[in-house]
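For reference, the structure is listed below as structure tokens.
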Amino acid sequence: MSTNEPMIRHHDLLIEMGSLEMAMEKLNERNAAEQGRLRPRIEQRLARIREALAGMND
């Protein structure tokens with residue numbers, strides 16, 4: 001395992017989290033059916049990323 005690997009993983013998770021947060025902000029531009037389908041998936045992925053980031057700080 002590379003010594004940079006944890007730092008790279010952390011960076012990748014932060015980038016993905018930013019992309020998901022932007023997607024959440026743009027949900028209101030979609031119709032209600034799409035919002036209902038996409039919001040839970042985005043929220044679930046954000047929660048997983050936050051858990052992973054929290055675990056990296058332990």
Considering the stretch 1-42 alone, what residues qualify as being open to solvent by 50 Å² or more (accessible area, probe 1.4 Å) and in contact (Cβ under 8 Å) with a residue 12 or more places away in the chain? Pro6, Arg9, His10, Leu14, Glu16, Glu21, Arg39
Here is a list: Met56, Met7, Met17. Which entry is of a type outside the set (D, E, K, R) and at pLDDT 95 or above? Met17
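The values are calculated or read from the model by the stated rules, or taken from the named source; none is laboratory data. This one's a predicted model, so the numbers in the text were calculated from it and none came from an experiment. Cβ atoms come from the backbone with ideal geometry, glycine included; neighbour counts cover every protein chain shown. Only protein heavy atoms, including side chains, enter the accessible area calculation; ligands, DNA and RNA are left aside. Shrake-Rupley method; radii C 1.70, N 1.55, O 1.52, S 1.80 Å.
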